[in-house]
Amino acid sequence: MQDIVKSATRILIVDDHPVVVFGCRSLFASDHSIRIEEASDAKSGHRAFVSKRPDITLIDISLPDVSGFELMRRIRKDDPDAKIIMLSTNDDPTFVVRAVEMGAQGYVSKGDDTRILVKAVRKVAAGDNFISPQLAEAVTFSGATIKANPASQMTPRELEILRLLGRGDKIVEVAEALGISYKTVANTTSLLKQKLGAKNHSDLIRIAVAIGMN
């Protein structure tokens with residue numbers, strides 16, 4: 001048993017949906033080479049990553065505090081070699097491209113067959129990259145769409161600020177959630193208005209909702 005534990009692949013699942021976490025645990029329940037830890041938000045997920053140092057981290061893009069993208073940024077700041085698979089109900093190719101650009105080794109849709117997730121874990125654990133076949137095809141055939149999507153022209157920090165604004169957070173709340181200054185958020189918000197052609201704050205929120213950033 002000790003040899004099994006030592007050689008086990010440690011997986012951290014960061015997702016606030018109990019059904020998803022239960023499903024992942026059930027998926028690997030019979031595989032004694034897999035050990036699973038879990039967290040329900042970015043803050044506890046980051047803390048778990050630092051303390052547990054998992055071999056692979058599965059991150060839901062839509063977390064209750066800050067997004068999975070922001071959590072990935074924080075994790076990769078601590079460990080540039082961290083192996084990360086993003087989980088999402090959003091099949092927009094722009095998000096897939098953004099995840100890969102930020103360093104994710106895998107991207108799986110929650111609508112995929114469960115065998116896809118198992119394959120993704122195996123591939124990433126072996127040092128390979130993996131994107132759901134359906135999503136990979138969508139990315140291949142949507143280059144023009146991705147370039148046209150405003151989200152593809154934003155930095156990860158701009159995307160996160162826009163997402164938090166889009167869900168109704170005030171500037172001071174965004175600053176607190178991201179651990180940055182009020183001035184930084186305010187300046188970035190002004191730049192976003194220029195970049196997206198928003199006339200005012202309400203217009204910026206409308207755009208965030210329209211492109212699925214809330």
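The values are calculated or read from the model by the stated rules, or taken from the named source; none is laboratory data. Treat the numbers as computed from the prediction; the structure is a model and nothing was measured. FYI the Cβ positions are ideal-geometry reconstructions off the backbone, even for glycines, and counts take in every protein chain you see. Calculation scope for accessible area: heavy atoms of the full protein, side chains included, ligands and nucleic acids excluded. Shrake-Rupley method; radii C 1.70, N 1.55, O 1.52, S 1.80 Å.
Would you work out the relative contact order for the chain, in percent, from Cα pairs under 8 angstrom that are 6 or more residues apart?
Numbers: 301 pairs, mean separation 30.6, N = 214.
The value is 14 percent.
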> Once the other residues with Cβ under 11 Å from the Cβ of L87 are scored (Lys, Arg +1; Asp, Glu -1), what is the net sum?
Replying inline: -2
> Taking a probe of 1.4 angstrom, what is the accessible area of Y182 in Å², to the nearest 10?
Replying inline: 130
> To one decimal place, what Kirkwood hydrodynamic radius in Å is obtained for region 156-214 from all pairs of distinct Cα atoms?
Replying inline: 10.9
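Work out, step by step, the length gained on full extension between V50 and V118: first 0.36 nm times the residue separation, then minus their alpha carbon distance; give nm to one decimal.
Numbers: separation 68, 0.36 × 68 = 24.48 nm, distance 2.41 nm.
Result: 22.1 nm gained on full extension.
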> What does the charge dipole of region 16-110 about its Cα centre add up to, to the nearest 20 debye, if the Cβ of each Lys and Arg holds +1 and the Cβ of each Asp and Glu holds -1?
Replying inline: 240
>> If I fit a long axis through the Cα atoms of helix 114-125 and take the longest principal axis of the Cα atoms of the chain, what angle between them do I get, 0 to 90°, rounded to 10?
In response: 90
> Could you give the nm distance between label points at R157 and R25, where each point is 7 Å from its Cα heading toward the beta carbon?
Replying inline: 3.8
> Where does helix 201-210 land angle-wise versus the long Cα axis of the chain, in degrees 0 to 90, nearest 10?
Replying inline: 40
> Which three extents, in whole angstrom, do the alpha-carbon atoms of region 78-126 cover along their principal axes, largest first?
Replying inline: 30, 25, 13
> If you take the square roots of the eigenvalues of the alpha-carbon gyration tensor of region 1-88 and sort them as a ≥ b ≥ c, do you get rounded (a/c under 1.5), prolate (a/b over b/c) or oblate?
Replying inline: oblate
>> Skipping prolines and chain starts, which residues have an amide H placed within reach, meaning under 5 Å, of the one on E37, given they are 5 or more residues away or on another chain?
In response: I11, L12, I13
>> Let me spell out the model: positive unit charges on the Cβ of Lys and Arg, negative unit charges on the Cβ of Asp and Glu, origin at the Cα centre of the chain. What dipole size does that give, in debye rounded to 20?
In response: 420
>> I need the peptides 91-102, 154-165, 14-25 ranked by packing, meaning the mean over residues of other C-beta atoms within 10 angstrom, with the highest value on top.
In response: 154-165, 91-102, 14-25
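Using the beta-carbon distance between I180 and A136 and R0 = 35 Å, what value does 1/(1 + (r/R0)^6) give for FRET efficiency, to the nearest 0.05?
Details: r = 34 Å, r/R0 = 0.97.
That gives a FRET efficiency of 0.55.
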> Which whole number of Å³ per residue matches the convex hull of the alpha-carbon atoms in region 35-139?
Replying inline: 93
> Summing Lys, Arg as +1 and Asp, Glu as -1, what charge do residues with Cβ under 12 Å from the Cβ of Q134 carry, Q134 excluded?
Replying inline: -4
> So which of K170/K199; K77/K199; K110/K193; K83/K195; K123/K170; K77/K119 end up more than 29 Å apart, counting from Cα to Cα?
Replying inline: K77/K199; K110/K193; K83/K195; K123/K170
